[in-house]
Structure formats: structure tokens, C-alpha cells
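S.K.: First the structure, which I've put down as C-alpha cells, then a few questions once you've had a look.
The values are calculated or read from the model by the stated rules, or taken from the named source; none is laboratory data. Because the structure is predicted, anything quoted here is derived from the model rather than measured. Here Cβ is always computed from backbone atoms with ideal geometry, including for glycine, and neighbour counts include all displayed protein chains.
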Amino acid sequence: MRNRKDILIDLIRFSGNLQELQTELSQFSWDVEGFSLIVSKLEFTNILKKCIEDKISFEELENWANIIECRDDLDFEDVEIQEIIFELASPEINGEISKERLRKILNDL
């Protein structure tokens, strides 16, 4: 069995199948004290670029954002990334995900 940190790194980088990563993470407790990985601006922009380049779909991006949004064992390099993750996780509230929108997010970062 892989450890939490390795699974989270794969999740942050979208390396592998999201459902499998989520299943692996479900083996660990939700409560985590003194441990968190940082979602960096670089890693985040790389995910957005993957979507713009059609390497992942809008639905996969939304699912990824949903998975990482509420994790206690993940933190974000800055609040802006956290806010964008929320927006991407809830397009029905915050507006449809499109390549144009992702490009604007990248330009604004």
C-alpha cells in the first residue's frame, strides 16, 4: 500500500486515474494533524494547461477540483488558487468551464 503523501502528490499533479487515487486516499483517515501538502501555483497552472491542451477534459478538471477542494491534508500556495479551485469544482454555481476562461485564469495568475 502506498503512503498518503505519494498518493496526494499524484493527485495534485493529476498523475493517474482520479477514481483510483480517491479510492487509495479513502483508506486513510480524514482527520490529519500537522500534515499537509501545498498545491503550488506551478502545479495548478500545469493542470489548467493540460485541460487547455485537451489532455484532460473539463469534466475531469471539475472532478479533480472537487476532490482536492475540501481535503484537510492539502493546502494552497495562495488564497487565489483556493478560490479558483472552488470555482472550478462548482461550475453550476460559478459558470461553465471553457478554454477561454482557463486562459484568462492563467493570465491573471
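S.K.: Only one of (1) surrounded by fewer than 16 Cβ atoms within 10 Å (Cβ to Cβ); (2) out of contact with any strand residue (DSSP E or B) (no Cβ under 9 Å at 6 or more places or on another chain); (3) among the β-branched types (Val, Ile, Thr) fails for Ile38. Which number is that?
M.R.: Here Ile38 meets the rest and fails (2).
S.K.: Out of everything in the range 1-27 that is of a type outside the set (Ser, Thr, Tyr) and not in a helix (DSSP H, G or I), what residue ends up being surrounded by the most Cβ atoms within 10 Å (Cβ to Cβ)?
M.R.: This residue is Phe14.
S.K.: Same structure, new question: Out of the range 61-77, which residues are in contact with a helix residue (DSSP H, G or I) (Cβ under 7 Å, 6 or more places away or on another chain) and not hydrophobic (A, V, I, L, M, F, W, C)?
M.R.: Of everything in the range 61-77, those that are in contact with a helix residue (DSSP H, G or I) (Cβ under 7 Å, 6 or more places away or on another chain) and not hydrophobic (A, V, I, L, M, F, W, C) turn out to be Glu62, Asn63, Asn66, Glu69, Asp73, Glu77.
S.K.: Let me ask another. Looking at the range 28-46 only, could you name the residues that are over 30 Å from Asn107 (Cα atoms) and modelled with pLDDT of 90 or more?
M.R.: Within the range 28-46, none qualify.
S.K.: Anything in the range 68-91 that is acidic (Asp, Glu) and more than 13 Å from Ser40 (Cα to Cα)? List them, or say none.
M.R.: Glu69, Asp72, Asp73, Glu83, Glu87
S.K.: Any idea which of Asp10, Asp75 is out of contact with any Gly (no Cβ under 6 Å at 6 or more places or on another chain) and charged (D, E, K, R)?
M.R.: Asp75 is the lone residue from the list that is out of contact with any Gly (no Cβ under 6 Å at 6 or more places or on another chain) and charged (D, E, K, R).
S.K.: Given the residues Ile9, Ile52, which is the only one that is over 18 Å from Glu83 (Cα atoms), more than 13 Å from the chain's Cα centre (by Cα) and of a type in the set (Val, Ile, Thr)?
M.R.: Ile52
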